[in-house]
Each structure stands twice: as structure tokens, then as C-alpha cells.
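Beneath this line is the structure, given in C-alpha cells, with notes to follow.
Each reported figure results from applying straightforward, stated rules to the coordinates on display, with no laboratory input. Predicted, not measured: the structure shown is a model, and the values here were computed from it. Here the Cβ positions follow ideal geometry from the backbone for every residue, glycine too, while neighbour counts run over all protein chains shown.
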Amino acid sequence: MIFEIVITILGAVLLHWLFIALFNPWRYPPGPAGLPLIGSLHLAAPEFHIKLPKLAKKYGPIFTIKAGCRRVVFLVGYDVIKEVITDRAKDFASRCPTIVARIVRGEGLDGIAASPYGPKWMANRKFFYSAMRTMGLGKRGIEKCVVDEIPYIVGELENICSNDGLFEPSSVFDSAVLNVLAYFTFGNRYSYQDEKFKELIHINNDFFQKSKFLNQPQFFLLTLIPGLDKHIFFLIRKINKFVKAEIKQHRQNLDPENPRDYIDCYLNELNQMNDQSELSELGLEMSIMDLFQAGTETTSTTLRWAILYLANNPHIQAEKVQQEIDEVLGFDQLPQYEDRMRMPYCEATVLEVQRMATIAPIGLQHCSEDDQVLGGYRVPKRTSIVACYHSIHFDPKFWKNPNKFDPCNFLDSNGKVCIPDAFMPFGGGLRICVGMNIAKQELFLFFVAILQKFSLHLPDDMDHLDEKPGPGIILAPKIYRVQIKRRA
Ligand code: HEM
């Protein structure tokens, strides 16, 4: 009897699957049929950015991949990405409460990055921008945080030069980038040797290391793998504990007339708010977690790519980048962000690093809170939609020689910086990266400051650093070292 019931259920599942695979009755975007229960994510993973354009050749620029029981709609190519992310930004500005989001955020889908489109997300995002203005960070304030960090970076590199000169960039960039955010949110920077700070960096790195499984085909099975999601939860709780302790301390020392940082501004707002306010202490905690998780590894990884590409391209380093720095700044003048106006080649080089690295090749998932029609297909509400930015950053329609590192991709015939519309390293539309202006300043200023004082060389036993990224949520170079030398 039990056997018959099982066979009947399996038969029904198989028929249902066959019916949907063959007739697509709900007019979902097309895609591989996949296997019952498992789906077809294995066809796109692990190297989504490479495999998605190939699938698009077969199924068109909008297609569906099944991840277990869920459907994920992928967008490949500029036209469809622009339509969803920019032109119909409001229709597709939400985030689904996916398993991945729950693992990364726990149950508290408040704050900015994982929050669905709605009043809480809007209030927290708006608050972030207004805090930047209040603290002067929208003008020169954030630049000061970044510029103040430069002597510490240079100091670290001096120490490395005094030893064997072998530089493993994440050791320095993780600390520098985290410090800029620490200054913004907590009001102070830390010494690179500070034990509490080192622990925070270690937890953050460990989190990204473990989270690389989240980009693998089996991510929807994560909750079934004993221990893995628990370990990620454990790391998140540790960061959360750190953030909570800072908020508590800020509450005790708060001077409403003189807000020192992001936490003070937010607490001031909470103290004055009425019942309708969408801000809350949970929103504060989650927003800070967002800034740390979205703002550290991304920026630090891009800087690691910058060092790698420049070491692999010594002619660009010496004859173009350093020559421009020498002409505009000389050896001793600290760079300012406005100097980029006089340093188009350096700015173009940073942009080209971002394009070639495309560290967020498939962006963050978007979704709609209502049923939508897209390209003639039906996309039900709360279906995850993912844009393949890699497909536009390497599209020969927009770039002369897409697979070659060439800053001229961002220079016009007069040598001025020009940025094609198909360049979207920070996403776009309503969900565009909130930290974009902070990241741009960090990338330009740290890059110029390092190349001003040091030159980068391949270690003696190497003729090329590996440009193929390792696995992960964001595409990062595999661990490498370069030889650095003082320029004077
Ligand atoms: C090179 C560095 C960075 C890159 C490439 C980058 C890229 C991105 C991308 C692609 C998105 C998704 C946009 C979308 O959903 O369409 C995003 C979102 C976000 N980023 Fe960044 N980011 C960087 C640095 C930062 C920094 C420094 C911060 C914080 C200070 C930050 C905070 C955020 C937040 C909070 C979101 C979520 C926005 C929302 O959902 O409304 N990012 N970023």
C-alpha cells in the first residue's frame, strides 16, 4: 500500500514536471527543463558569469533557471538589464526573502541591502544619505577619512619594503577600507595592530570565505548541510555583537547637539521620532551590518585587482600612470579626489580595473512585489531576477578589445574620461550601491597614493600573475604577492 502511494506521488510529480517543461503554461521566460526537485542551477554554476551568456545564446536574453523549487530569472545583455534595472527600476526594486538572504541576515530583513522595497528600506536608505550630508561626508568629509588613511597605508608599505618587499595586498587594504567605514559609523579609526580590530577583520574575512558556498549550485540545500549555515550564522552573530556593543556605548555618551558619526545621527533620529517612523534600533544594526558586509570586501578586492593588473602591465604602470602622477602631484603632494580632473589616465585605469574585474558579475537579486510582464513573458511577483553585469562589461559592442586590460576603453579621442552607459559596476536604478561615492574615492585615492610612492613588480620567479578569479560571492583574485620598491 505504502509502495503504491509513493509511486503515485512520484508519478504525479513527474507528470507535473513534464507538463510544465513541455508546455510552459504560465509563459515563464524559457530555460532548461532541469531535474525534478533539483532544478537546473548546476547548468549555470559555479562560473555563472561565463555560463549565463552561453545559455542566453540558446534561450534568449531573458531566461529562467530553476534552483530547487524556485525560479530565478536571469538577464543577459545591455537592453534587458537597462529595462529592468534602470527604466523600470520601481517595478523591480524589491528583494526576495531568499534562503541566502536569511542566512546572511538572519530573520531581521530590516536595514538596506536585504530589505524588500517599502517604507523601511526607503527610510534607512534615505537616512544613510542624510547622515552623510549632516556629517559633511557628502562633501569633503568622506574624502578626509580616506586621505587620513593614506599615511598609514604608506607606512605599512614602507615597513614591507624594509623587509623582503613582498606585498600581499589584502593585509593592508582590508584594514584601510574597514577603517574608513569604522570612522564613518563608529567615529574612530583603529591601529592596524589593534587586537579588537584584527578580530573584526578576521571575522569579516571568515564570513566571506565561508559564504563562497552561497554562490554554488547547492546553495538552496544549505540549510540541509549540517553545520554550514550555523557557522555563517555564528559569524554574523559575532559581527552583530560588535555592532550592538558600539551602539550601546554611543547611547551612553550621546551628545544630541554634537553627533560624532552615523550611530549618533541615527540615535538622535530615534529619540525624536514619532510612531510613524520606519527607523528602529534593528534598522540601525542591520544598516551597519550592510555597510560593513557590502562595503569592505568589495572595495578591498577591487584594490587587489588594481595591484595585480598594474604588476602585469608594467608599461601602463610606469609610462602612463606614474608619469601622470609625477606631472600633476610630484612625489610628496597628497592626492585629493578633485585631482582626478587633471589625471584622466589614472581615473580611466581605475575604471578599467573595475570593468575587467567585474567583482559583482551577477549583482544582487532583485524582484517585484507584483506580477510583471517582461519581454512578453510572465514574471510572477517575488521571483528572483538577476542581472549578469559581466555580459555587458565584456560585450564587444561597447568595448574595443574587451578581454584586454586597456584604460583607453574609458578615454575619448581627446584623452578625456568617457564612461559608456554599459558600465554598471555599482548596479543601477533605485537599488544602486549606496556606498558608490565612498568606494570611488577610496579606489582613486588609495590607488594614486600607492603608485606615487611605490612601484610594483612581479616576484622573480613569475612572469605573470593569474588573472582568473577564485570562487566566491564576489570575484576576487587568488592570493598573490608582488614585489614593491620605493620610487625614491
Ligand atoms: C568597489 C566597491 C563596490 C562595488 C563594486 C559595489 C557594488 C554594488 C552592487 C553591484 C550592488 C547591488 C546593486 C543592485 O542591487 O542593483 C551594491 C549594493 C549595495 N552596496 Fe555596494 N559596492 C561597493 C562598495 C560599497 C561600499 C563602500 C558600501 C558602503 C559604504 C556599499 C554598500 C552597499 C549597500 C548597502 C548596497 C545595497 C543597496 C540597496 O539594496 O538599496 N557598497 N553594491
Based on the Cα atoms of the chain, what semi-axes does the equivalent ellipsoid have, where each is the square root of 5 times one gyration tensor eigenvalue, given in whole Å with the largest first? 39, 29, 22
Integer Hz, Karplus 6.51/-1.76/1.60 couplings in order for segment 454-471, x for Gly and Pro: 10, 10, 10, 10, 6, x, 3, 8, 10, 10, 6, 8, 5, 9, 8, x, x, x
Per the charge dipole of the chain (beta-carbon charges, Lys/Arg positive, Asp/Glu negative, Cα centre), the residue among 253, 451, 129 reaching farthest to the positive end is 129
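Tell me what the chain gives for mean residue ellipticity at 222 nm when only DSSP H runs of n ≥ 4 count, each as -39,500 (n - 2.57), the sum divided by the residue total, rounded to 500 deg cm²/dmol. List each step's numbers first, then the result.
Numbers: 16 runs with 227 residues, N = 488.
Here the helix-only value at 222 nm equals -15000 deg cm²/dmol.
Sorted by mean Cβ packing within 10 Å, highest first, what order do the peptides 151-161, 401-411 take?
Values: 151-161: 15.7, 401-411: 17.3.
Going from most to least packed, we get 401-411, 151-161.
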Note, ³J(HN,Hα) from phi for segment 157-165, Karplus 6.51, -1.76, 1.60, rounded to Hz, x at Gly and Pro: 5, 4, 4, 5, 4, 6, 8, 8, x
So what J values fall out for segment 442-447 if you push phi through Karplus, 6.51 cos²θ - 1.76 cosθ + 1.60 with θ = phi - 60°, rounded to Hz, Gly and Pro as x? 4, 4, 5, 5, 5, 4
Cut-off under 5 Å, modelled amide H: who pairs with residue 28 long-range: 378
Given 0.36 nm per residue, what is the gain on full extension from residue 209 to residue 421 after removing their alpha carbon distance, in nm? 73.1 nm
Considering amide H positions built from the backbone, and no H for Pro or chain starts, which residues 5 or more places from residue 374, or on another chain, come under 5 Å of its amide H? 379
Segment 34-94 shape via C-alpha gyration tensor axes, a/c threshold 1.5: oblate
Sorted by chain and number, the residues with a modelled amide H under 5 Å from that of residue 454, at a separation of 5 or more or across chains, are 487
If you take every DSSP beta bridge fully contained in the chain, what fraction is antiparallel? Give it as a percent rounded to 5. 80 percent
What angle, in degrees between 0 and 90 and rounded to the nearest 10, separates the Cα long axis of helix 170-186 from the longest principal axis of the Cα atoms of the chain? 80 degrees
Packing-based ranking, highest mean first, of 321-328, 393-400, 445-452 given that Cβ atoms within 10 Å are counted: 445-452, 321-328, 393-400
Can you tell me the length gained on complete extension of the stretch residue 395 to residue 342, counting 0.36 nm per residue apart and subtracting the Cα distance? 16.2 nm
Sort 383-390, 88-95 by the packing proxy (mean of other Cβ within 10 Å over each peptide's residues), most packed first. 383-390, 88-95
Please determine, in degrees from 0 to 90 and to the nearest 10, the orientation of helix 119-134 with respect to the longest principal axis defined by the Cα atoms of the chain, where the helix direction is its Cα long axis. 10 degrees
